Amino acid sequence: MPAAPQSLVGHIPALRRYARSLTGDAWNADDLVQDTLERACERWQLWAAGSDLRAWLFTLMHNLFVDGARRAVRQQGRRVDMDVEEATQDFAVSGGGAEQVLDLQRCLLRLPADQREVLLLVTLQDLRYEDVARITGVPIGTVMSRLSRARTRLRELMDGRPAAGAAPALRRLK
C-alpha cells in the first residue's frame, strides 16, 4: 500500500472537528470519521497523488454525511431535525469562557446546514474557496454567498438579535 493511508492519521483531528460540527454529537462524529477513513482506505487508488489529500478526505466525509442524511429522511419519511438544546447537553460549562463557547456551538447548530458547513470548512479547516466548492459540489460564488450569509446570521445569533426579515413576535390583544 502506498504512503497515502499512513498520511491519513495526521488528518484525523481535523476530520473529527469537522464531523463534530456537522453532527453535533461526539458518537455520531466518531462514526462519521471512521466511515470516512474506511472509505479512504478502500478507495485510496482514486486519490490523485500530489493533490490535496485533506480536501479529498473532506469531500469523502461531506458525501457520506449527505448520503446519511438523505437515507435518514427516506427511512423516517420526514425531515431530520436536530434539537439544539439536546445537542448542546454534551458540553460541560464551567466559567465565563466556556459559556461563550457553548453559546457559539448553539448558534452554529442553528445555522442552516449548508451555511454551517461552508463556514466551518473555511474558518475552522482553513480551506480555500475552490476546495470548499469542490468538496460541497457547488460553484465558488455559492460558497461565498453561503459564507457571507452564515457570518451575518452567526453575528446576529451571538448578539441575540432575531433573524433579518423574521416575523415579529405576535401579541394577543383583548
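The values are calculated or read from the model by the stated rules, or taken from the named source; none is laboratory data. Predicted model, so just to flag it, every value in this text is computed and none were measured. Glycine also receives a Cβ, built like all others from the backbone with ideal geometry; neighbour counts cover every protein chain displayed. Calculation scope for accessible area: heavy atoms of the full protein, side chains included, ligands and nucleic acids excluded. Shrake-Rupley method; radii C 1.70, N 1.55, O 1.52, S 1.80 Å.
Each row is one residue, and each column tells you yes or no for (1) in a helix (DSSP H, G or I); (2) over 18 Å from E117 (Cα atoms); (3) open to solvent by less than 70 Å² (accessible area, probe 1.4 Å); (4) of a type in the set (A, V, I, L, M).
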residue: R17; (1), (2), (3), (4): yes, no, no, no
residue: A29; (1), (2), (3), (4): yes, no, yes, yes
residue: C41; (1), (2), (3), (4): yes, yes, yes, no
residue: W56; (1), (2), (3), (4): yes, no, yes, no
residue: H62; (1), (2), (3), (4): yes, no, yes, no
residue: G68; (1), (2), (3), (4): yes, no, yes, no
residue: V73; (1), (2), (3), (4): yes, yes, yes, yes
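So for the stretch 87-97 (the condition being in contact with a Leu (Cβ under 8 Å, 6 or more places away or on another chain), farther than 18 Å from L32 by Cβ, at pLDDT 85 or above and open to solvent by 30 Å² or more (accessible area, probe 1.4 Å)), does at least one residue qualify? Break it down into steps so the answer makes sense when it comes.
We begin by selecting, within the stretch 87-97, every residue in contact with a Leu (Cβ under 8 Å, 6 or more places away or on another chain); these are 87-88, 91, 93.
With the extra rule that they be farther than 18 Å from L32 by Cβ, the set shrinks to 88, 91, 93.
From the residues that got through so far, the ones that are at pLDDT 85 or above too are none.
For the stretch 87-97, residues in contact with a Leu (Cβ under 8 Å, 6 or more places away or on another chain), farther than 18 Å from L32 by Cβ, at pLDDT 85 or above and open to solvent by 30 Å² or more (accessible area, probe 1.4 Å): absent.
Conditions first: (1) in contact with an Asp or Glu (Cβ under 9 Å, 6 or more places away or on another chain); (2) open to solvent by 50 Å² or more (accessible area, probe 1.4 Å); (3) at pLDDT 55 or above. L121 passes all but one, so which condition is the exception?
(2)
Against the condition within 24 Å of R128 (Cα to Cα), more than 14 Å from the chain's Cα centre (by Cα) and surrounded by fewer than 12 Cβ atoms within 10 Å (Cβ to Cβ), how does A48 come out, does it pass? Before the answer, list the steps.
On the way: within 24 Å of R128 (Cα to Cα): yes; more than 14 Å from the chain's Cα centre (by Cα): yes; surrounded by fewer than 12 Cβ atoms within 10 Å (Cβ to Cβ): yes.
The answer is yes for A48.
Residue check, S148 against (1) within 25 Å of H11 (Cβ to Cβ); (2) modelled with pLDDT of 90 or more, all met but one. Which one?
Of everything listed in (1) within 25 Å of H11 (Cβ to Cβ); (2) modelled with pLDDT of 90 or more, S148 misses just condition (1).
Being under 14 Å from the mean Cα position of the chain (by Cα), modelled with pLDDT under 85 and surrounded by 15 or more Cβ atoms within 10 Å (Cβ to Cβ): is that true of R106 here? Even if it seems obvious, please write down each step before you answer.
Values: under 14 Å from the mean Cα position of the chain (by Cα): yes; modelled with pLDDT under 85: yes; surrounded by 15 or more Cβ atoms within 10 Å (Cβ to Cβ): yes.
Judged against the criteria, R106 is a match.
Within the set of pairs 6 or more residues apart or between chains, which connect a residue that is of a type in the set (S, T, Y) inside the stretch 53-69 to a residue that is open to solvent by less than 30 Å² (accessible area, probe 1.4 Å) and part of a helix (DSSP H, G or I) with Cβ atoms less than 9 Å apart?
Filtered contacts from the stretch 53-69: T59/D131; T59/I135; T59/T136.
Give just the number: which of (1) open to solvent by 50 Å² or more (accessible area, probe 1.4 Å); (2) modelled with pLDDT under 85; (3) among the small types (G, A, S) does A163 not satisfy?
(1)
Count, please, the residues in the stretch 141-157 that happen to be over 12 Å from R116 (Cα atoms) and open to solvent by 70 Å² or more (accessible area, probe 1.4 Å).
Here the count works out to 2.
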